[in-house]
Structure formats: structure tokens, C-alpha cells
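Accompanying notes for the structure given below.
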Amino acid sequence: MTTERAWGKRQFAHRARLALTLAQVRAIDDQAHAARTMWNLLHDWWTMLPKDKRSLAAADAAIRQARKDLDWLAVLPAQAAQAVLKTYFQAWRNYWDGRAEAPNFKSRIRSVMSVDIPQGRDLSVIRVHRRWGVVNIPKVGRVRFRWTRDLPVGKRADKDNRITGARLVKDALGWHIAFRVQTFEAAPEAHQGPRVGIDAGVNLPLALSDGNHFDHGRPARLPDKTADRDKWLNTKEKAKLLRLEKRAAHRRSFRKPGERSSNRLRSTYDQIKQLRAIATRRAVDWQHKTTTAIANQYGTVVVEQLTITNMVKSARGTVEEPGKNVAQKAGLNRSISQEAWGRTVTMLTYKLARRGGTLHKVPAPGTSLRCSACGFTTPGSREDQATFMCKNPDCGFRANADWNAARNVLHLYRIGHVAIPAAGRAAVRRARRVKPATAR
């Protein structure tokens, strides 16, 4: 007996590196600056107008008139300008719904340079080589990009499988294009893999309850103020980064308060950003490969529900009550931030869903201090950062601390102690605030 599998549309993004000439870089930079300025002008126009005169039609008319009056705004394609308007209105909707802060001014230094291409038909993507493809960028022309994934182009493209748009994004390593891809695929069958609990740590990034683990291929060390802050860089790159940071500090000492940075100082900052971007790219690559391997092998993955923002709070304290071990806590916070546990969980969530697996979260308190053999929590069980030794006289279980925590994580799921999502907790709080109707 066979059962038909349900089919449905799936949307995902694919990011590729662009190979641009100097003229193309200048053209896309001008478009990105125009898009940022368009956002700022739209924000000023929106906040100055009375509420009864604010509307989408009035904003669209103002944008069209601005592109006619200002030549440097006209370098931005009309569709990209409409995308700025759409994004701005969506930002206000997110603020009204309580999902984000109110839209604000985008500064030239801190904002990410980007240009949206909302229409997929304007791209005309063609694969010209095993490693290279060509894409058409409005008002720029044909541009090469690295082909690292099969895309629905040419004869493979139809109304269900196609590229719906793209976005140009610039980081310290240059311009990239993020394609928005829509495909029509069959719903995955239930994953028949085993269950596994995962404990995320600093010394051992991912420890699994079945004894497997995933590390960065480096020796474990305790996080402190002298901890390696750039674990993804090799020896030469670390030495270069240290040399650039000293050079930047020396050149910054000559800058007076309120004075603009010199060209040499900005050049040094750019070199530092490039090394940081290389480290980030290597970290994301490791996360993608690791989460893919986990999603392929296991059908149910259980992780801790961590509040990372509370975990990386500073221990500095106040003037009246200064904190203790501030430098050590700062080093630990940097190590936690570099591991990017939230990004790992996000990758596991969608990769498991695409393979028919599921991800569950359990409460985090006590998982690292409880013995996974007898279930008791006794003081002094953590002999050091890496070893767990149960102090229960009837147990004496001894194992790696991260592996012990991973076993506790899986056990909490097996007994049904699953954490309630944030949306569910909010619904419970709202239900508790509602007063029961009194009988008349």
C-alpha cells in the first residue's frame, strides 16, 4: 500500500559572491547610498506630516517626485525605490505589533549597504561555467557571481520553481547577491533517525547525548580575559590582526574629540573588518556543515532553551556595588557570543523540518549540575569545567560534564518536560489576566 505525499511551495535564500569591476562597484555603491538616503528622506517626510495626511499613496507620490528632482536619487531603479517604501511600511507594522523598535535614521557608518531587486524577471540568471554564473543587475549590467548551488534557471524555471527576486548586500569582503528562490517540492516523510540531546558549550561547542561531539578542531581551554578571541583565524592572521589593532589605537590617539577619522585610520579599520569577516564566514561554514550532518542523522533533536542576552550581561556592577571577576566574565561573554548558539538552533530548526525531523527545547536550569545516572543534584559535582563527578555516595558517576548535560537534556524531553515557546507563554499570561465572568 502506498500513500501519496503532499506537495507544497518552499522558499529559501541563496547567497553568492559577486565578481565586480571597479566601475560596477562604484555604480552599486551609488545605488546603496541612494537607497539609504531614500529611507532617511521618507522617514523625515513621514514623521513631519500630520497623521491624517500619512498614506501609502502620498508616500509613493513623494518618492516619484524626489527621483525626478534629484539626479543622484535617480540612480536607484524605480523598483528598488518602491522596495524601500515597502520595507519602511513593514518596519512600522512590526513596531505597531510589538515585534521590533520604531524605524529610525540610518547612518552612513553603521547601516548595512544594500539594494533590493524585487522582480525576479529583471535578473536573467544564466550559468556560463561550472563555477560561475551571470546575473543582470538593473542600471549596472551583466555581473558574474560564484555558482555554488543549482538554481531554477533556463528550462528548469517555471511558475512554481523560479527566482522571485534578489538583494545586493555589502560586507567587509565585498558585494554579495542573495537570491530569493521558490520551489515546489514534496513534503518530507517522517525522519526515522534516533533521538539525541545536545548541550551547547564553550570548550566543547556541541556535545551529543550518544557520545558524539562536534568541535572546532582546536584544543579546549578555559575562557578568561586572555582567551583566544579569534579562534577562526590562523597564526599569521592573528598576528596581523593584533598589529592592525595596535596601529589603529596609535592613530586614534592623535584624533581630537569630535574630529573626523583620517583616511589612514579608516583604512586600518577596513583591514580589521576584513579579518573579522573572514572569521565570521568560517564560523558560519562550520555551523552549516555541522547542522547538516546532525539533521541527516537524527530525527528528533532536543536542545536547551537558553536566554543568551541574560547570559552575556556584564558583571561590572555599579559604583555602589562593583562586580567581581569582571575581566573573566567579559572573556566568557565574548566566547559565548562567538559560538552563536542561537544561529545554530535556527539552522537546525529549518534543516530538520526539510528532512522530516523535529527540534524541541527543554528548560535549561539544572542540566549541567544534575547527575544523568541517578538524577540527584549534589553540591560540588562539577570538579572543573570539563569533568562531572556525582557526590551521591550510592552513585559516584563520573563523565564529561557536557556529555552529562546532554543526557539530562534528552531525559527532560522523554519525560515530557518541554519548554513552552515565547508565544505560548504570552498567551498563558494573557489568559491569567482575564477575570472570570461572574454569574448574574
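Taking θ as phi - 60° and the Karplus parameters 6.51, -1.76 and 1.60, the scalar couplings of the stretch 21-33 work out to 7, 5, 5, 5, 4, 5, 5, 6, 4, 4, 5, 5, 5 Hz in sequence order, x denoting glycine and proline. Amide H contacts of Ala100: Tyr95, each under 5 Å away and 5 or more positions distant or on a separate chain (H built 1.01 Å from N in the peptide plane; Pro and chain starts excluded). Against the set (i) -0.42, -0.69, -1.01, -1.29; (ii) -0.51, -0.84, -1.21, -1.46; (iii) -0.37, -0.60, -0.88, -1.21, the structure's computed log10 I(q)/I(0) by the Debye sum over Cα atoms at q = 0.07, 0.09, 0.11, 0.13 Å⁻¹ falls on (ii). Computed from backbone phi with θ = phi - 60° and the Karplus coefficients 6.51, -1.76 and 1.60, the 3J(HN,Hα) list for the stretch 82-89 is 5, 5, 4, 4, 5, 5, 5, 5 Hz; x is used for glycine and proline. Close amide H pairs (under 5 Å, H built 1.01 Å from N) link Ser209 with Gly197, residues at least 5 positions away or on another chain.
Taking square-rooted eigenvalues a ≥ b ≥ c of the alpha carbon gyration tensor, is the stretch 333-373 rounded, prolate or oblate, where a/c under 1.5 means rounded and, failing that, a/b exceeding b/c means prolate? Because a/c hits 1.5 or more and a/b fails to exceed b/c, the stretch 333-373 counts as oblate. A 31 angstrom limit on the alpha carbon distance is what I want to check against. Which of Lys9/Lys68; Lys106/Lys351; Lys170/Lys329; Lys170/Lys240 exceed it? Over 31 Å Cα-Cα: Lys9/Lys68; Lys106/Lys351; Lys170/Lys329.
Here's how it looks for His360: its modeled amide H is under 5 Å from those of Val301, Val302, Val303, which are all 5 or more places away or on a different chain.
Across the chain, Cα pairs under 8 Å and at least six residues apart give a relative contact order of 15 percent.
Remark: Asp158, Asp52, Asp215 ranked as Asp52, Asp158, Asp215, counting other beta-carbon atoms within 10 Å and listing the fewest first. The trypsin sites (Lys or Arg not before Pro) of the stretch 24-65 that meet both conditions, a loop assignment by DSSP and at most 15 other Cβ atoms within 10 Å of the site Cβ, are Arg54.
Applying 0.36 nm per residue to the separation of Ala58 and Asn94 and subtracting their alpha-carbon distance, the gain on full extension is 10.9 nm. Extending 7 Å from Cα along the Cβ direction at Gln328 and again at Asn212 yields two label points whose distance is 3.5 nm. The lysines whose alpha-carbon is closer than 19 Å to the alpha-carbon of Lys238, local same-chain residues fewer than 8 away aside, are Lys225, Lys246, Lys273. Placing unit charges on each Cβ (+1 for Lys and Arg, -1 for Asp and Glu) gives the chain a dipole about its Cα centre, and among Ser111, Trp341, Val303 the Cα reaching farthest toward its positive end belongs to Ser111. Helix-only arithmetic for the chain: the sum of -39500 (n - 2.57) across DSSP H runs with n ≥ 4, divided by the residue total, places the mean residue ellipticity at 222 nm at -13000 deg cm²/dmol.
Each residue in Thr164, Thr291 was given a count of other beta-carbon atoms within 10 angstrom of its own, and listing them fewest first yields Thr164, Thr291.
Qualifying trypsin sites (Lys or Arg not before Pro) in the stretch 268-347, where qualification requires a DSSP coil assignment and no more than 14 other C-beta atoms within 10 Å, comprise Lys313, Arg316, Lys324.
Ignoring the sites themselves, what is the longest stretch of the chain with no GluC sites (Glu not before Pro) in a DSSP loop and at most 12 other beta-carbon atoms within 10 Å? Formally, the longest exposed-site-free interval is 5-100.
If R0 equals 41 Å, the separation of the Cβ atoms of Lys236 and Lys313 corresponds to a calculated FRET efficiency of about 0.75. Computed from phi, the 3J(HN,Hα) profile of the stretch 156-172 under the Karplus parametrisation 6.51, -1.76, 1.60 (θ = phi - 60°) reads 7, 8, 8, 5, 9, 10, 6, 8, 8, x, 7, 9, 8, 10, 10, 10, 5 Hz, with x in place of Gly and Pro. The stretch between Thr183 and Glu245 holds 17.8 nm of extra length on full extension. This uses 0.36 nm per residue minus the Cα-Cα distance.
Assuming charge only on the beta carbon of Lys and Arg (+1) and of Asp and Glu (-1), the dipole of the stretch 59-176 about its Cα centre is about 580 debye to the nearest 20.
For the stretch 62-119, which chymotrypsin sites (Phe, Trp or Tyr not before Pro) are in a loop by DSSP, counting at most 12 other Cβ atoms within 10 Å? Passing both the DSSP loop test and the Cβ count: Phe105. Here the dipole of the stretch 265-305 is about 260 debye; that uses its Cα centre as origin and unit charges on the Cβ of Lys and Arg (positive) and Asp and Glu (negative). Please state the shape class of the stretch 7-186: rounded when a/c is under 1.5, otherwise prolate if a/b exceeds b/c and oblate if not, all from the C-alpha gyration tensor. The shape class here is prolate.
No lab work stands behind these numbers, since they all come straight from the coordinates. These figures come from a predicted structure and were not determined experimentally. Cβ sites come from the backbone with ideal geometry, for glycine too, and all protein chains shown count toward neighbours.
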